[in-house]
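Asker: Would you mind keeping the following structure in view while I ask a few things?
The values are calculated or read from the model by the stated rules, or taken from the named source; none is laboratory data. As the structure is a prediction and not an experimental result, all values here were calculated from the model. Cβ placement follows ideal geometry from the backbone for every residue including glycine, while neighbour counts extend to all protein chains displayed. Surface accessibility is based on the protein's heavy atoms, side chains included, excluding ligands, DNA and RNA. Shrake-Rupley method; radii C 1.70, N 1.55, O 1.52, S 1.80 Å.
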Amino acid sequence: MKDIFSDLYDRVLSFFNATQQVQDESKNTAKSRLRTVLMQDRVGFSERAMQMLKDDLIENISKYLEIEVDSFDLSIDASENATILNLSIPVLRPKTDEEIDEALSIQEKVKIEKTQEIVGELQELVKEKAQELAEQMNEEAEEETEEETEEVETEEETEEETEEASEENEENKKTKKTKKKSKAE
């Protein structure tokens, strides 16, 4: 009977210890996250910047070493005198020279493709802007031509009116002379 109570006591105690361990793990995780956030705030390093740094480090280190990405850990600690970057990188194995060369070659190809893509986009943008500018210049030239045509037409009309007025004036003078001659006779 003593064994049964002892066994029962151990099981109950282990249940509470297991619950305590889970609580301790959660507590430690929360403390760690809070500590990280406080350090980032203190150092002035955002969560986004931390993630970008981590991604870059993983990308570059992976060229030379096969690593366990899921266990990669990056943290920043700050004290009064210094800021410390802590890395924990589980290395599975170093890569061979051939694997390294291949990784570098792939990276170079990706850079070239991205550059070509950007150049293509820029060329399209330049074409569009050049076309818009040409259309705008054509519209302005057409407007100027229309204005000049209107001015020329106005000048021609004015010249015609002036000629007509001159002719009328000449006719009036002739008529007056004829009248004067008629009166004089």
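Asker: Residues of the range 53-77 being among the aromatic types (Phe, Trp, Tyr) and either in a strand (DSSP E or B) or open to solvent by 40 Å² or more (accessible area, probe 1.4 Å) (or both), which ones?
Answerer: Selection gives Tyr64 alone.
Asker: Ok, one more. Restricting the range 78-88 to residues that are under 32 Å from the mean Cα position of the chain (by Cα) and free of Cβ contacts under 8 Å to residues at least 40 places away in the same chain, which is least open to solvent (accessible area, probe 1.4 Å)?
Answerer: Result: Asn86.
Asker: If you don't mind, there's one more thing I want to ask. Condition test on Glu146, is it more than 27 Å from Lys54 (Cβ to Cβ) and either touching a strand residue (DSSP E or B) at 6+ places or on another chain (Cβ under 9 Å) or in a helix (DSSP H, G or I) (or both)?
Answerer: It is true that Glu146 is more than 27 Å from Lys54 (Cβ to Cβ) and either touching a strand residue (DSSP E or B) at 6+ places or on another chain (Cβ under 9 Å) or in a helix (DSSP H, G or I) (or both).
Asker: Does any residue of the range 169-185 turn out to be farther than 30 Å from Arg33 by Cβ, part of a helix (DSSP H, G or I) and acidic (Asp, Glu)?
Answerer: yes
Asker: Just name the residue that is most open to solvent (accessible area, probe 1.4 Å) out of those in the range 89-112 that are in a helix (DSSP H, G or I) and within 30 Å of Glu47 (Cβ to Cβ).
Answerer: The selected residue is Lys111.
Asker: Also, quick follow-up: Would you check if Arg48 is open to solvent by 60 Å² or more (accessible area, probe 1.4 Å) and either of a type in the set (Phe, Trp, Tyr) or in a helix (DSSP H, G or I) (or both)? Break it down stepwise before answering.
Answerer: Details: open to solvent by 60 Å² or more (accessible area, probe 1.4 Å): yes; either of a type in the set (Phe, Trp, Tyr) or in a helix (DSSP H, G or I) (or both): yes.
Spelling it out, Arg48 is indeed open to solvent by 60 Å² or more (accessible area, probe 1.4 Å) and either of a type in the set (Phe, Trp, Tyr) or in a helix (DSSP H, G or I) (or both).
Asker: Also, quick follow-up: With respect to Ile58, is the statement that it is modelled with pLDDT of 85 or more and either on the phi > 0 side of the Ramachandran plot or among the β-branched types (Val, Ile, Thr) (or both) true?
Answerer: Yes, satisfied.
Asker: Restricting the range 113-161 to residues that are open to solvent by 80 Å² or more (accessible area, probe 1.4 Å) and of a type in the set (A, V, I, L, M, F, W, C), which is farthest from Glu59 (Cα to Cα)?
Answerer: Met137
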